[in-house]
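The numbers here are math on the coordinates, done by the rules we state, and not lab data. Because the structure is a prediction, the values reported are computed rather than measured. Because the Cβ atoms are built from the backbone with ideal geometry, glycine has one as well, and the counts that use them run over all protein chains shown.
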Amino acid sequence: MRDRGSATGAGSVTFVGTGFSLITQTTGEAIREIERAQRVLYLVADPAAARWLHSLNPTAESLSNHYAQGKPRSDSYREMADRILAHARRGERVCVALYGHPGIGCDPTHIVMARAREEGIPARIQPGISSDACLFADLDIDPMDAGVQAYEASLFVFRRPRIDTRAGLLLWQAGFVGETSIGLSDSTGAAGARALVTTLKKYYAPSHRAAVYHASWYPICPPSIEWMPIRSLIGGMKSTGCTLYIPPEKDGGK
């Protein structure tokens, strides 16, 4: 039988989001969880954010060492989940701080939540500010106007869900299509970009404009927003972590 550990004397796990813009998008509740935790584990995209977490709680440790060039992301995520749960099984109150929203696009979060339920370990997710929340604000979009469909970009390309071009389309990790491992470079894979553009052209005219978006990491810096025709996306997506927004077709598309 699989050793699931013992819930006797087990601690707890709370996932919090730090948002994107340094400090300013972290809720007061999240800060309190970080400060009172017996162990803080984190994944953030900026060294300044890491230093800030250490200032809030000296137990803070990065989970980024589970990534490696060419290593399958699924292996990294399982290792992160094992590490998080190991601390909880020792009776520690664990806080896991993740940039953005801790429940959106965060496989370790949901692996831990499922295993914690099996083992009787208290675990919860606090909401955070996600990339789509930033995008709606920065692009002045009300998703209630025409509706928004949202997919992880690889899922959109390979599963080909049926979409309505009269509503907006939001694609997370648009520069990371088809990638199963972490690379040291932040550059977008050309093959994945071509596959994404080919799929989009089945629904939209090549001249239909899309926004390549990246939320700002700092409150004093503006977000990155580049509007370009769909046909130009192959060379236009510079970052693997960019979010793509395609506004509605006025006539409903092809």
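Summary of packing: across the peptides 242-249, 52-59, the per-residue average of other C-beta atoms within 10 Å ranks them, highest first, as 242-249, 52-59.
When only Cα pairs under 8 Å and 6 or more residues apart are kept, what is the percent relative contact order across the range 131-246?
After rounding, I find 30 percent.
When only Cα pairs below 8 angstrom with a gap of at least 6 residues are kept, the chain shows a relative contact order of 22 percent.
Semi-axes, largest first, in whole Å: what does sqrt of 5 times each Cα gyration tensor eigenvalue give for the range 131-246? Write out the running numbers ahead of the final one.
On the way: eigenvalues 76, 74, 32 Å².
Here the semi-axes work out to 20, 19, 13 Å.
The residues L98, L63, when put in order of fewest to most other Cβ atoms within 10 Å, stand as L63, L98.
Using 17 Å as the cut-off for backbone N distance, which residues of the range 142-159 belong to the label zone defined by a point 7 Å from the Cα of H110 along Cα→Cβ? The answer is 150-159. When F136, F15, F156 are sorted by how many other C-beta atoms sit within 10 angstrom of their C-beta, beginning with the fewest, the order is F136, F156, F15. Each other residue within a Cβ distance under 13 Å of R36 adds +1 if Lys or Arg and -1 if Asp or Glu, for a net charge of -1.
Under the simplified labelling scheme, the T24-D145 pair shows an inter-label distance of 2.4 nm, with each label point 7 Å from Cα along Cα→Cβ. Take the Cβ atoms of R117 and E152, set R0 to 25 Å, and the FRET efficiency comes out at 0.55.
As an exercise, take the mean of 1/r over every pair of distinct alpha carbons in the chain, invert it, and state the Kirkwood radius in angstroms.
Numbers: mean 1/r = 0.0514 Å⁻¹.
Taking every pair of different Cα atoms in the chain, averaging 1/r and inverting gives 19.5 Å.
Taking label points 7 Å from Cα along the Cα-to-Cβ direction, A45 and A137 give a separation of 1.5 nm. Bridgeable aspartates and glutamates around K238 (alpha carbons under 14 Å apart, same-chain partners fewer than 8 residues away excluded): D186, E226.
Stretched out straight at 0.36 nm per residue, the stretch from S224 to E179 would grow longer than its current Cα-Cα span by 13.9 nm. Stretching the chain fully between D164 and R209 yields a gain of 14.6 nm (0.36 nm per residue, less the alpha carbon separation). This ranking places S130, S239 by how few other beta-carbon atoms lie within 10 Å of each, fewest first, which gives S239, S130. Beta-bridge orientation, the range 12-125: approximately 5 percent antiparallel, per DSSP, counting only bridges with both partners inside.
The C-alpha radius of gyration of the range 46-186, expressed as a fraction of 2.2 N^0.38 Å, stands at 1.21.
Sorting the segments 158-167, 30-39 by their residues' average number of neighbouring beta-carbon atoms within 10 angstrom, most packed first, yields 30-39, 158-167.
Could you tell me the ratio Rg/Rh of the range 12-125? Both radii from Cα atoms, Rh via Kirkwood. Ratio value, two decimals: 0.94.
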